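Undergrad: Got a structure for you, questions after.
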Amino acid sequence: GEDVEQSLFLSVREGDSSVINCTYTDSSSTYLYWYKQEPGAGLQLLTYIFSNMDMKQDQRLTVLLNKKDKHLSLRIADTQTGDSAIYFCAEKDTGFQKLVFGTGTRLLVSP
Amino acid sequence: NAGVMQNPRHLVRRRGQEARLRCSPMKGHSHVYWYRQLPEEGLKFMVYLQKENIIDESGMPKERFSAEFPKEGPSILRIQQVVRGDSAAYFCASSPGEGSAEAFFGQGTRLTVV
């Protein structure tokens, strides 16, 4: 079955870059996603990448995909305190289209 | 264009009662997914529905849980005879159709069973 793994915590200083990593097992995933969840809130779609791409950049966000190693990363440039949240990596199941989520990485940005 | 709307945002039920969670997808979206998030965990898929059809219910507990997405009206996730272990945040997501890349989530319903 599919499995998505992330490290649990990341702490950075304001202004630094943050890199959140994710590994997945389903080599036939079509899309891979990054969602942000603030306390008590829903999930906000940050960005996604099609599985035949290596990189996608969107303002301060850069997604890198290493399909051979099944490794996905999210880089946040110039991290701000407002970026403090839980970040979820997810892959899209090719069969029935459901999303399989990692356990989330809690990002803490200190001033 | 309103996003995915879930209600209620918070729901408290006593053990043994029924819980009904509602989800109205984004306008133009005909595919609805329900996920459950236990405290300090990621989201786990429960069920995938299209209008009047259950497409994939592989994540649904075998008993007490049911879901529907009627031709008219919101999708409903129903939990009968709730137990403490049902306490969680329940999220709904919608997408325009099969093969669509984007799935947008609602704010969730936080169910507390006392």
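Undergrad: Give all pairs with beta carbons closer than 8 Å in which a residue from the range A:60-73 that is closer than 19 Å to A:GLY15 by Cα meets a residue that is outside any strand (DSSP E or B); count only pairs at least 6 apart in sequence or on separate chains.
TA: From the range A:60-73, the pairs are A:ARG60/A:ALA77; A:ARG60/A:ASP78; A:LEU61/A:ALA77; A:THR62/A:ALA77.
Undergrad: Working only within the range A:43-83, note down all residues that are within 10 Å of another protein chain (Cβ to nearest Cβ) and at pLDDT 90 or above.
TA: Of everything in the range A:43-83, those that are within 10 Å of another protein chain (Cβ to nearest Cβ) and at pLDDT 90 or above turn out to be A:LEU43, A:GLN44, A:LEU45, A:TYR48, A:ILE49.
Undergrad: If you check B:ARG9, B:ARG64, which single one turns out to be in contact with a strand residue (DSSP E or B) (Cβ under 7 Å, 6 or more places away or on another chain) and either surrounded by 15 or more Cβ atoms within 10 Å (Cβ to Cβ) or of a type outside the set (D, E, K, R) (or both)?
TA: B:ARG64
Undergrad: Looking at the range A:8-37, which of its residues are more than 13 Å from chain B (Cβ to nearest Cβ) and small (Gly, Ala, Ser)?
TA: A:SER11, A:GLY15, A:SER17, A:SER18, A:SER27, A:SER28
Listed here are the residues, each with its yes/no results for (1) of a type in the set (Gly, Ala, Ser); (2) within 29 Å of A:LEU107 (Cα to Cα).
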| residue | (1), (2) |
| --- | --- |
| B:ARG14 | no, no |
| B:ALA19 | yes, no |
| B:LYS27 | no, no |
| B:LYS51 | no, no |
| B:ALA67 | yes, no |
| B:SER87 | yes, yes |
| B:PHE104 | no, yes |
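Undergrad: Going through the range B:77-114 one residue at a time, which ones are among the hydrophobic types (A, V, I, L, M, F, W, C) and under 20 Å from B:ARG15 (Cα atoms)?
TA: B:LEU77, B:ILE79, B:VAL82, B:VAL83, B:ALA88, B:ALA89, B:LEU111, B:VAL113, B:VAL114
Undergrad: When you go through (1) within 14 Å of chain B (Cβ to nearest Cβ); (2) touching a residue at least 12 places away in the same chain (Cβ under 8 Å); (3) part of a loop (DSSP other than H, G, I, E, B); (4) within 25 Å of B:LYS44 (Cα to Cα) one by one for A:GLY40, which number turns out not to apply?
TA: Unmet condition: (2).
Undergrad: Name the single residue that is nearest to the other protein chains (Cβ to nearest Cβ) among those in the range B:68-114 being farther than 23 Å from B:GLU18 by Cβ, in contact (Cβ under 8 Å) with a residue 40 or more places away in the chain and surrounded by 14 or more Cβ atoms within 10 Å (Cβ to Cβ).
TA: Top of the filtered list is B:PHE105.
Undergrad: Name the single residue, out of those in the range A:58-102 being buried (at least 18 other Cβ atoms within 10 Å of the Cβ) and of a type in the set (Val, Ile, Thr), that is farthest from the chain's Cα centre (by Cα).
TA: In this case the residue turns out to be A:THR79.
Undergrad: Next question, about the same structure. Considering B:SER58, B:SER95, B:SER100, which residue is over 18 Å from A:LEU45 (Cβ atoms) and small (Gly, Ala, Ser)?
TA: B:SER58
Undergrad: Continuing with the same structure: Considering only the range A:84-108, state which residues are of a type outside the set (Gly, Ala, Ser), in contact with a Cys (Cβ under 8 Å, 6 or more places away or on another chain) and at the interface with chain B (Cβ under 8 Å from one of its Cβ atoms).
TA: Of everything in the range A:84-108, just one residue is of a type outside the set (Gly, Ala, Ser), in contact with a Cys (Cβ under 8 Å, 6 or more places away or on another chain) and at the interface with chain B (Cβ under 8 Å from one of its Cβ atoms), namely A:PHE101.
Undergrad: For A:TYR31, which of the numbered conditions (1) modelled with pLDDT of 90 or more; (2) of a type outside the set (Asp, Glu); (3) at negative phi fails to hold?
TA: Condition not satisfied by A:TYR31: (1).
Undergrad: Let me ask something additional. Check whether at least one residue in the range A:11-27 is in contact with a helix residue (DSSP H, G or I) (Cβ under 8 Å, 6 or more places away or on another chain), part of a strand (DSSP E or B) and in contact (Cβ under 8 Å) with a residue 12 or more places away in the chain, and report yes or no.
TA: Scanning the range A:11-27 turns up at least one residue that is in contact with a helix residue (DSSP H, G or I) (Cβ under 8 Å, 6 or more places away or on another chain), part of a strand (DSSP E or B) and in contact (Cβ under 8 Å) with a residue 12 or more places away in the chain.
Undergrad: Which of (1) within 20 Å of A:PHE9 (Cα to Cα); (2) in a loop (DSSP other than H, G, I, E, B) is the odd one out, the single condition A:TYR35 does not satisfy?
TA: (2)
Undergrad: Further, regarding this structure: Please indicate, with yes or no, whether at least one residue in the range A:32-54 is surrounded by fewer than 16 Cβ atoms within 10 Å (Cβ to Cβ) and touching a Leu at 6+ places or on another chain (Cβ under 8 Å).
TA: Yes, some residue in the range A:32-54 is surrounded by fewer than 16 Cβ atoms within 10 Å (Cβ to Cβ) and touching a Leu at 6+ places or on another chain (Cβ under 8 Å).
The values are calculated or read from the model by the stated rules, or taken from the named source; none is laboratory data. Given the structure is predicted, the values throughout are model-derived calculations rather than measurements. In this analysis, Cβ positions are derived from the backbone assuming ideal geometry, glycine residues included, and neighbour counts consider all displayed protein chains.
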